[in-house]
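As structure tokens, the structure follows; a few thoughts come after it.
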Amino acid sequence: MQFRVVAAVSADTSASPSSLTLPAISPFPPPTRTRDVSVNEAESDTVFVDSHTVHGRRNNQPPQLTLSCDNANAEPFGPTHAMLGVLTGDGKDEPLSWAHDVTENPSPGATEIWAIYNFTEDAHPIHIHLVQFEIVERENEFGTTRGPEAWERGRKDTVIVYPGEITRLKMTFVREGRFVWHCHILEHEDNEMMRPFVVGEIKGPAATHMHPEDIPRRDLRLGGAVSSSAESCSTRTERSRAGAMDWAQRERERLESAAAPRWR
Ligand SMILES: [Cu+2]
């Protein structure tokens, strides 16, 4: 393609963006409830390190971690996949898979605040289907809040949630039905970082009927990564791999079964 810049052949009647006035956004009604939801990381089943006191964000970790497997105090280390979930009563993260029961069930027309707690070490673009929300504020790990960025002050359907922060959104659920919310990083959304939510009556199954214990452990690429205590670690890796293969077979059978739920 080629374009050529030439002298104007007619008067320029376009408006400068700086002189434009955008239509006002009508505010949401006052929220009737707040939901605490979470963004989480599943830790490795096969990579362990010598125990350290505070697990999680990089700046909480000691400068040297030693790979360990047989140490009784060793802790799992190395995130395998990110998930969404809720908060426990005492404020801890509770990751839930796609298959778990619906936990977010707003009434049609309800206005709610969703407080998204990001327990991971990464920022995630979180997208909520079929709803337009307002970014109310973000709260960092020290309790300091700040408003949305200049480019985030209109209605949004995706928001970046930063690590160690609470991102609060306000929205009115005008459409009834079953929708999803998820991370928009492809590798994340395709790997269980997605949850259903239902506006109004939950029709059909509340969950996919897959037992939470059957959720696959996607820790297949780490075999041999642990140098010490190789036998114990490889045994653990093999168990993890076998469990995932079993799950994959059962999932294939479930999808092929005529009785499988068809609501997706
Ligand atoms: Cu993500």
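Every number in this text was worked out from the coordinates using simple rules, so none of it is lab data. Since this is a predicted model, take the numbers as computed values, not measurements. With ideal geometry, Cβ positions are generated from the backbone for all residues, glycine too; neighbour counts draw on all protein chains shown.
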Between S107 and A24, take the C-beta separation as r, use R0 = 25 Å, and let me know the FRET efficiency to the nearest 0.05.
0.40
When the label point is put 7 Å from the Cα of I185 along its Cα-to-beta-carbon vector, which residues of the range 11-50 have a backbone N closer than 14 Å?
39-43
Would you mind getting me the FRET efficiency between D50 and E141? Use the beta-carbon distance for r and R0 = 22 Å, nearest 0.05.
0.30
Where a Cα-Cα gap under 25 Å defines reach, which lysines qualify for K156, not counting those fewer than 8 residues away within the same chain?
K170
Using modelled amide H (1.01 Å from N, peptide plane; none on Pro or chain starts), what sits under 5 Å from the amide H of E104, excluding residues fewer than 5 places away?
V198
Given R₀ = 22 Å, what would the calculated FRET efficiency be for A15 paired with R153, taking r from the Cβ atoms and rounding to 0.05?
0.55
Report, by chain and number, residues whose modeled amide H sits under 5 Å from the one on V47, excluding near sequence neighbours (fewer than 5 apart, same chain).
F77
Phi to ³J(HN,Hα) by Karplus 6.51 cos²θ - 1.76 cosθ + 1.60 over the range 93-100, Hz, x for Gly, Pro
7, 10, x, 10, 8, 4, 7, 6
The extension gain from A8 to E121, computed as 0.36 nm times the residue separation minus the Cα-Cα distance, is 35.4 nm
Ranked highest first by the average count of other Cβ atoms within 10 Å around their residues, in what order do 8-18, 168-178, 112-122 fall?
112-122, 168-178, 8-18
Name the residues whose placed amide hydrogens come within less than 5 Å of the amide hydrogen of L96, ignoring near sequence neighbours (fewer than 5 apart) on the same chain.
L84, G85, V86
Among A123, F48, P196, whose Cα sits farthest toward the positive end of the charge dipole of the range 33-208 (+1 at Cβ of Lys/Arg, -1 at Cβ of Asp/Glu, about the Cα centre)?
P196
How far apart, in nanometres, would the label points at D36 and Q132 be if each is projected 7 angstrom from Cα along the Cα-to-Cβ direction?
3.1
